[in-house]
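Before any comments, here is the structure.
The values are calculated or read from the model by the stated rules, or taken from the named source; none is laboratory data. These numbers were taken from a predicted model, which means no experiment stands behind them. Glycine also receives a Cβ, built like all others from the backbone with ideal geometry; neighbour counts cover every protein chain displayed.
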Amino acid sequence: MILSFLNDLFTLDFMYRALIAGLILGILAPLIGSIVVVRRLSFIADTLGHFSLVGIAVSLFLSTLGISIFFERPLYLGIAFAVIGGFLIELFRRSYKNYKEISMVIVISLGSALSAIFFSLSKKTGSLYNYLFGSILTITDYYLVLIIIIAAIVIALFIIFWKQILSISFDETTAKFLGVNVGLFQMMFMILLSVVVSVLLEAAGVLLISSMMIIPVASAMRISWSFRSTLVISIVFSELSVFFGLWAAYSFKIPSGAAIVSVSIIILIIIAMVKRIVQKRNIANLEELQK
């Protein structure tokens, strides 16, 4: 079965597109996810995903009114609404300084409500399943080019402003003392996060976006020794999840987003079990030496 998958992976156009897109997203997701985890914002990807879904629903609704410009490219409105959701989160976080997590509950509730309303008004819910659970095997050449462009921009910005992003993520007070424009970089990161979440919407679906961003990072944290090593290891785990997730989706005819996330969970469980076994063995060896 694996040989047939490898053959089709490089001979069938849709499989090859899915592989390239998956490998790129396998870098983007943990790259952004690692910063999200450090900033204690693991729930934010779900929030922005739900607000991005509003853009998809609005594009379907507009198509029923004869405005089809966004129907073929719903991702544009998805990105726009995700950015709006990001700004709303920042606005509410500043309003509730001592209860910042409330901001995400408010925005995700608003996003869910608006999505339901516009999907209902559009009466075109046939593609809703793909947006909920993802379908990387059905992406187009246009979407692949868009992923490549967005990835290039995000990676370039991370390389240029790496020190500022890290300083703000770990200690905003120190960053301000060093002269970093914290407000500007927070907004820049929120926009980048919104765009990446919107791109992941097609591949992982709104219900699995945060899993694709956070779980590889969580696995890497169990065995890493620094932030840089966490980032590198999480990307490796993410790429393994994409490859074996595509194999599972192709072989067993299951949603690709769910397959990728399931592999990520399996990796996390394996890492946790191996580390626990090693810790027990080390404790046993230490007790033996103390006798």
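Structural remarks
- Taking the criterion of being outside any helix (DSSP H, G or I) and within 16 Å of residue 191 (Cα to Cα), the only residue of segment 140-166 that qualifies is 161.
- Residues considered: 155, 148, 160. Of these, the only one that is under 16 Å from residue 32 (Cα atoms), of a type in the set (A, V, I, L, M, F, W, C) and free of Cβ contacts under 8 Å to residues at least 12 places away in the same chain is 160.
- Residue in segment 54-62 that is of a type outside the set (A, V, I, L, M, F, W, C), crowded, with 23+ Cβ neighbours inside 10 Å and within 30 Å of residue 229 (Cβ to Cβ) present: no
- Search result, residues across segment 178-194 that are among the small types (Gly, Ala, Ser) and outside any loop (DSSP other than H, G, I, E, B): 183, 194
- Failed condition for residue 246, given (1) assigned to a helix (DSSP H, G or I); (2) free of Cβ contacts under 8 Å to residues at least 40 places away in the same chain; (3) not small (Gly, Ala, Ser): (2)
So that you can scan it fast, the table gives a plain yes or no per residue for (1) surrounded by fewer than 18 Cβ atoms within 10 Å (Cβ to Cβ); (2) within 15 Å of the chain's Cα centre (by Cα); (3) in a helix (DSSP H, G or I); (4) modelled with pLDDT of 85 or more:
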position: 213; (1), (2), (3), (4): no, yes, yes, yes
position: 220; (1), (2), (3), (4): no, no, yes, yes
position: 232; (1), (2), (3), (4): yes, no, yes, yes
position: 279; (1), (2), (3), (4): yes, no, yes, yes
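- Only one of the numbered conditions (1) in contact with a helix residue (DSSP H, G or I) (Cβ under 8 Å, 6 or more places away or on another chain); (2) surrounded by fewer than 17 Cβ atoms within 10 Å (Cβ to Cβ); (3) at pLDDT below 85 is violated by residue 148, and that is (3).
- Residue match in segment 168-181 (condition: of a type outside the set (Gly, Ala, Ser), closer than 16 Å to residue 39 by Cα, free of Cβ contacts under 8 Å to residues at least 24 places away in the same chain and buried (at least 17 other Cβ atoms within 10 Å of the Cβ)): yes
- Against the criterion of being in a helix (DSSP H, G or I) and either in contact (Cβ under 8 Å) with a residue 60 or more places away in the chain or hydroxyl-bearing (Ser, Thr, Tyr) (or both), residue 197 qualifies.
- Residue that is surrounded by the fewest Cβ atoms within 10 Å (Cβ to Cβ) [pool: residues in segment 182-195 that are at pLDDT 85 or above and of a type in the set (Val, Ile, Thr)]: 191
- The helices (runs of 4 or more DSSP H) located wholly in segment 1-69 that include 2 or more residues which are modelled with pLDDT under 85 and out of contact with any Leu (no Cβ under 6 Å at 6 or more places or on another chain) occupy 2-11, 44-64.
- Within segment 96-124, being touching a helix residue (DSSP H, G or I) at 6+ places or on another chain (Cβ under 8 Å), more than 19 Å from residue 197 (Cβ to Cβ) and among the polar types (S, T, N, Q) holds for one residue alone: 122.
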